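The values are calculated or read from the model by the stated rules, or taken from the named source; none is laboratory data. Given the structure is predicted, the values throughout are model-derived calculations rather than measurements. A quick note on method: Cβ atoms are made from the backbone with ideal geometry, for glycine too, and the neighbour counts reach across all protein chains shown.
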Amino acid sequence: MKSLVTGGAGFIGSHLVEYLLAHGDSVIVLDDLSTGSIANLGAVRDHPRFRLVVGTILDPAVVLDCVSQCDRVFHLAAAVGVKLIVEEPLTSLRANIHGTENVLMVCSETGATLLLASTSEIYGKNESDSLSEESDRILGSPLKSRWGYAAAKGIDEAFAHAYWTQFRLPVSIVRLFNTIGPRQKGRYGMVVPNLVGQALRGEPLTVFGTGRQTRCFSSVVDIVPAIVQIAESTRAYGKAYNLGGADEISILDLAELIIRETGSTSEITLVPYANAYGDGYEDMRRRVPDNALARELVGFIPRTRIDAMVRSVAQSLTTTVDRDDWIMTQAHPAPVASVAVS
Ligand SMILES: NC(=O)c1ccc[n+]([C@@H]2O[C@H](COP(=O)([O-])OP(=O)(O)OC[C@H]3O[C@@H](n4cnc5c(N)ncnc54)[C@H](O)[C@@H]3O)[C@@H](O)[C@H]2O)c1
């Protein structure tokens, strides 16, 4: 198989690329390196079946060039992270809506199959015990930038479904819940690398709000094989599948666990959301996945426990690749022009 991974220089994408190469695929990555990095691809960049194209999904010609060389596409490129979405709302909306439509359009022209990475964010403020794929979406005002990500990903799903309905484009959708692991960057607002970095540096762990909000974290190690299996199931075309963690944990309990697992002497500081993201910021009290559909389709069971995930993030933050994030630079590079670099 020849696979294209858009966003393959990012956190989840780079793990997916390693998995696909290990299973015999040839892989092209299309990434503008806005939040991803070449360092994330350090383990594969000299692989004979791997090629990186630095370019944007907003350029239809680049997308066509990459997709036309492949049998299947894993579309992960997106503006991700609350901080990035709030600070750069327009760039984020454009990448997440227009970029995705480019990918869908080109796949329908070339006949490549498509796997679209969506998100649990589309459920918004729905705090029910177990969110199934049919659950209602409860979103805040579109004038609050925070909801722009959920709105855009919802449009992406609607576009994908429309391409399936009207043109029979073989496209399936995964809704990822909070996925964590090595190479995830904290600088765009991701909670686990941020808290682990603070613990390792001996700084106070900054927990937003009351800290009683809960999430179900899953390991990238469990998620990546499920993404590939769903992409390979013809029964998944036109449908969406939740992929989330099994154990619900409050952010306060998570911070305490991180302190224990890293042996840190740090304390925990509660910080109002407004200090981080400005007035009017909204968050959801809990978000719990129902993984039944993915379990039935591909036997998905998230096995990695949260303490093991925290240990692997801590270990990665002290290696060369992730060290920049541990040191916590705030800046990130601007998108670069479209060129093939290997
Ligand atoms: N990490 C999570 O918990 C999570 C949860 C839900 C959904 N997702 C989805 O999974 C996918 C991957 O997320 P991630 O966590 O690996 O984030 P990431 O930021 O590490 O990866 C996104 C990648 O897309 C690239 N990119 C951004 N805009 C681009 C553009 N216009 N053209 C080409 N490349 C572009 C970035 O450089 C980066 O490498 C995204 O679609 C995201 O919405 C992630």
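Take the stretch 115-134 and flag every residue that is without any contact (Cβ under 8 Å) to a residue 60 or more places away in the chain and either more than 9 Å from the ligand (Cβ to nearest atom) or in contact with a His (Cβ under 7 Å, 6 or more places away or on another chain) (or both). Answer for the stretch 115-134, where residues must be without any contact (Cβ under 8 Å) to a residue 60 or more places away in the chain and either more than 9 Å from the ligand (Cβ to nearest atom) or in contact with a His (Cβ under 7 Å, 6 or more places away or on another chain) (or both): Leu116, Ile122, Glu134.
Go over the candidates Ile249, Ile227 one by one and state the one that is in contact (Cβ under 8 Å) with a residue 24 or more places away in the chain, surrounded by fewer than 22 Cβ atoms within 10 Å (Cβ to Cβ) and either within 19 Å of the chain's Cα centre (by Cα) or not in a loop (DSSP other than H, G, I, E, B) (or both). Just one listed residue meets the conditions, Ile249. The residues in the stretch 54-108 that are touching a residue at least 12 places away in the same chain (Cβ under 8 Å), away from the ligand (no atom under 12 Å from the Cβ), hydrophobic (A, V, I, L, M, F, W, C) and within 19 Å of Tyr188 (Cα to Cα) can be counted, and the count is 1.
Remark: pairs (first residue in the stretch 31-47, touching a residue at least 60 places away in the same chain (Cβ under 8 Å); second residue near the ligand (Cβ under 7 Å from one of its atoms) and assigned to a helix (DSSP H, G or I); Cβ separation under 9 Å; 6+ apart in sequence or on different chains) = Asp32/Ala95; Ser34/Ala95; Thr35/Phe11; Asn40/Phe11; Asn40/Gly13. Restricted to the stretch 165-207, and to residues there that are away from the ligand (no atom under 16 Å from the Cβ) and in a loop (DSSP other than H, G, I, E, B), the residue that is nearest to Arg235 (Cα to Cα) is Pro170.
Remark: Met1 matches the filter, which requires a residue to be farther than 20 Å from Gly148 by Cβ and either within 9 Å of the ligand (Cβ to nearest atom) or touching a Cys at 6+ places or on another chain (Cβ under 9 Å) (or both). In this structure, does Ala152 turn out to be within 22 Å of Pro225 (Cα to Cα) and among the hydrophobic types (A, V, I, L, M, F, W, C)? Criteria not met by Ala152.
Only one of the numbered conditions (1) at pLDDT 95 or above; (2) closer than 29 Å to Val54 by Cα is violated by Ala337, and that is (1).
Looking at Leu143, Leu115 in this structure, which one is out of contact with any Pro (no Cβ under 7 Å at 6 or more places or on another chain), farther than 27 Å from Leu169 by Cα and aliphatic (A, V, I, L, M)?
Values: Leu115 fails: farther than 27 Å from Leu169 by Cα.
Unique residue meeting the criteria: Leu143.
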